Amino acid sequence: MSLPISSSANAWRRGRALRFGARVAVVAASGPVPPERYAQGLERLSARYQVESSLGLFSQTGFLAGSDGRRLAELRWALGDASIGAVIAARGGHGLLRLVSFLQTVRTEELRAVPIVGFSDVTVLHAWAHQRRLVTIHGPVVTQLGELSDADQSSLWTLLEDSSPPPPLTDLSSVTVKTPPTTGRLLGGNLEVLSRLCGTSLASALRPGGPVVLLLEEVTEAPYRIDRALAQLQLAGMLADVCAVLVGDLVRCEGPPSHPSALSVIAQHFGALGVPVLATAAIGHGARNRAVPLGVLVRVEPQQGRIVFLEGAVG
């Protein structure tokens, strides 16, 4: 199965490659930002780029980084300011789903192509951008950035600054059928968040009009909850275009010893569909988090345990 390169009528858009010292916006659109972890990440980020943020970055309203209005205004500023070269989430957490009805009022033709960087709750923002055929980056948030290795930091800088396809993901574990190579568009993110898109205006984000290579990662979800989320996605028709699955970190997703593992639950679901699953990618909530572009074409090679990127994150 393969997916042709998009025509000009439905081509995906990319932001411009950043240069050293470019202006980037940091936004807190989800949970409250812990100052100490943020300061560590900011030190790494500001050594490379000119960082801009709102005065309300450290706001807190319960489990949210301030009111819905404050967080939405921050997003609109960052996405609309023509001098901003990338939008990077300060942290994940909770809250972006509350903003979807407001974000949907942004007209696609008025939306700038700009790299959006983050993971976890930022999966909502990725889905919103992918509906509008914008390439984004599944990568570390600022509060995680200071805790990562130089190699993982470099993977983000490379995606933001180099228009070439990034190096392939290698040494992956094939946990289902080893089918011939297949090509699709890499989409997805946090499984629990993706399942919450069912029945919303973002439900079509995993149906771009061609084969999809689905990225999944998770934290603190028991195997039975992972099973439930996958069943919900399948029943909602959101997995209909999936031709392969890439599994990142499954952190603290254990159940009782008598229960199957989180990975085996994922393998069971997609194995029954004849879909290859490649696992053990250092992507997500673990000690590492390699940045990867979302919305780009990739070639999945199950027999080699490899995923090859065919496009870069920026232009």
With respect to the numbered conditions (1) over 19 Å from the mean Cα position of the chain (by Cα); (2) open to solvent by less than 20 Å² (accessible area, probe 1.4 Å), which one is the sole condition not fulfilled by A90?
-> (1)
Could you tell me whether T176 is surrounded by 19 or more Cβ atoms within 10 Å (Cβ to Cβ) and either of a type outside the set (D, E) or farther than 23 Å from V292 by Cα (or both)?
-> yes
Among (1) of a type in the set (G, A, S); (2) in contact (Cβ under 8 Å) with a residue 40 or more places away in the chain; (3) buried (at least 24 other Cβ atoms within 10 Å of the Cβ), G146 falls short only on (3)
Determine if segment 296-306 includes at least one residue that is open to solvent by 10 Å² or more (accessible area, probe 1.4 Å), in a strand (DSSP E or B), touching a residue at least 60 places away in the same chain (Cβ under 8 Å) and of a type in the set (K, R).
-> yes
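Examine segment 220-230 for a residue that is of a type in the set (K, R) and closer than 18 Å to W12 by Cβ, and state whether such a residue exists.
No, because not a single residue in segment 220-230 is of a type in the set (K, R) and closer than 18 Å to W12 by Cβ.
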Give the residue, chosen from S101, S6, that is open to solvent by 10 Å² or more (accessible area, probe 1.4 Å), at pLDDT below 95 and within 30 Å of P181 (Cβ to Cβ).
-> S6
Looking only at residues in segment 110-143 that are on the phi > 0 side of the Ramachandran plot and outside any helix (DSSP H, G or I), which one is surrounded by the most Cβ atoms within 10 Å (Cβ to Cβ)?
-> G118
Hey, among the residues in segment 64-87 that are under 19 Å from L42 (Cβ atoms), among the hydrophobic types (A, V, I, L, M, F, W, C) and more than 19 Å from the chain's Cα centre (by Cα), which one's most open to solvent (accessible area, probe 1.4 Å)?
-> W77
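The values are calculated or read from the model by the stated rules, or taken from the named source; none is laboratory data. Computed from a prediction, not measured in an experiment: that's the story for all the values here. Reconstructed Cβ throughout: ideal geometry from the backbone, glycine too, with neighbour counts over all protein chains shown. SASA here: full protein model, heavy atoms, side chains in, ligands and nucleic acids out. Shrake-Rupley method; radii C 1.70, N 1.55, O 1.52, S 1.80 Å.
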